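In what follows, a single structure is set out as structure tokens and then discussed.
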Amino acid sequence: MPKQPGENPTQEQVTAPNGVAWTRAPGGTTSGHQLLEALNGISGIYGDVPRRWNWWEEGRQRREHDRHMAVLEEWDNGAEELPPDESEARMKAWSDDFDKRYEEERRRRAQLAADTYDEERASQRLQYLRDTADAAFFGHVLRKPANAAQRDGAARREAEARASAAELLHTIGDPEQVIDKRGYLPSERRATNLGAHTDYWRHRLLREWSTKDRRQFNALLKMPPPSPDDMCSECEAPAEWHEYDISVRLFHPPPAPGSQAEKIAQLMPGWWERCPACTAYRIGHVWGGSHALPDFDGGQWVAMLPPLLRTLFTSEPPKARKKRAPKPKPLATIPPGPIDEVMARLAEAKAAHPDAEVRTGAGGVLELWNP
Ligand SMILES: [Zn+2]
């Protein structure tokens, strides 16, 4: 095996990037390169989304963990071996410290929210995101409008949405600095949402589709991992999906029974499930009247989706039934019979089809075919 950086095969020692020297235990067979890979792998196994993006199979993350641990167990970094009691005490101290830091962080966030959360500004930011998604939605319609009335309507609505977004931006300032009521910035929520998208949406669907729908499975498997910046800060969908009225709200319980929200949800299907940063077009469309673009329908929506979204969120179009080629027929047939009769009919057939080839068909019938 070629020598890897940081590896010294004669002493079976490797120095990790953090300066810790590791020595391979007698009988160990793994290389220094494998050790460095395991150290790197184990540290990011639960946090690195691109790495676990395609670990959709049941138990895959645990298997990756076990694989790295099996390598690490062959190496010793000279850390002091503690007696069981002391080891337990250290674990408890570590766990207590973790709890303490967690509680401090929770308090810090709560204080930050108490000091800086502004409900109106947060609501304006959501309206700004909706306007931006609306403008993009109408822009997609404008690429292939169904008719002139629809084109004019979409152009007007796109301009209105852009103007509203610009005005809100002026009022809000930097939307990235608008904290939520739990004390989190949009960028922090996007990173969390990407992790949830991967573990609870992508992996679940890949498991489901691996046995049910290879078309959707293959399309989703090919989807490249988004960067945290690509995500919506309010739900578990990439922000671009909101331009097509697609939301992914994984942790959004149904409205409380008897609540006003429940009544609205019944009146406007899709309203409760929609992310507050998503285009509101569908709500307006269902509402009808001037909210709906002239002649816009589901078929047009499907046609304007990018291929990946079309595969993931719409059912497969019914396959056009293959037209079966008509069964070839002979030019003429002559049933078996007395020789004179057959000869006479053959002569007639020859006159009509001088180039035909004579074959024998089922039941002794003579058939004339194009050669
Ligand atoms: Zn969203």
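Observations on the structure shown:
- Exclusive hit being more than 16 Å from the ligand (Cβ to nearest atom) and either in a helix (DSSP H, G or I) or at pLDDT below 95 (or both), set ARG130, ARG156: ARG156
- Answer residue from the range 239-251, given it is within 9 Å of the ligand (Cβ to nearest atom) and outside any loop (DSSP other than H, G, I, E, B) and is surrounded by the most Cβ atoms within 10 Å (Cβ to Cβ) among those: HIS242
- The condition of being closer than 27 Å to TRP301 by Cβ, within 15 Å of the ligand (Cβ to nearest atom) and either modelled with pLDDT under 95 or outside any helix (DSSP H, G or I) (or both) does not hold for ARG190.
- So ALA136, is it modelled with pLDDT of 95 or more and assigned to a helix (DSSP H, G or I): yes
- Qualifying positions in the range 103-115 - free of Cβ contacts under 8 Å to residues at least 60 places away in the same chain and surrounded by 10 or more Cβ atoms within 10 Å (Cβ to Cβ): GLU103, GLU104, GLU105, ARG106, ARG107, ALA114
- The test for being outside any loop (DSSP other than H, G, I, E, B) and either within 11 Å of the ligand (Cβ to nearest atom) or out of contact with any Phe, Trp or Tyr (no Cβ under 6 Å at 6 or more places or on another chain) (or both) holds for GLU262.
- Comparison of GLU74, GLU64, GLU81 shows that the only residue that is crowded, with 16+ Cβ neighbours inside 10 Å, in contact with a helix residue (DSSP H, G or I) (Cβ under 9 Å, 6 or more places away or on another chain) and free of Cβ contacts under 8 Å to residues at least 24 places away in the same chain is GLU64.
- Tally, over the range 195-238, of residues that are part of a helix (DSSP H, G or I) and within 16 Å of the ligand (Cβ to nearest atom): 10
- Filtered by the rule that a residue be more than 15 Å from PRO328 (Cα to Cα) and hydrophobic (A, V, I, L, M, F, W, C), the range 345-357 gives LEU346, ALA347, ALA349, ALA351, ALA352.
- Members of the range 265-282 that are within 16 Å of the ligand (Cβ to nearest atom) and either surrounded by 16 or more Cβ atoms within 10 Å (Cβ to Cβ) or outside any loop (DSSP other than H, G, I, E, B) (or both): TRP271, TRP272, ARG274, CYS275, PRO276, ALA277, CYS278, THR279, ALA280, TYR281, ARG282
- If you go through the range 15-55 and pick out every residue that is within 17 Å of ARG67 (Cα to Cα) and hydrophobic (A, V, I, L, M, F, W, C), you end up with 7.
The values are calculated or read from the model by the stated rules, or taken from the named source; none is laboratory data. Only a predicted model underlies this, so the values are computations on that prediction, with no experimental measurement involved. Note: ideal-geometry Cβ built from the backbone for every residue, glycine included; neighbour counts use all protein chains shown.
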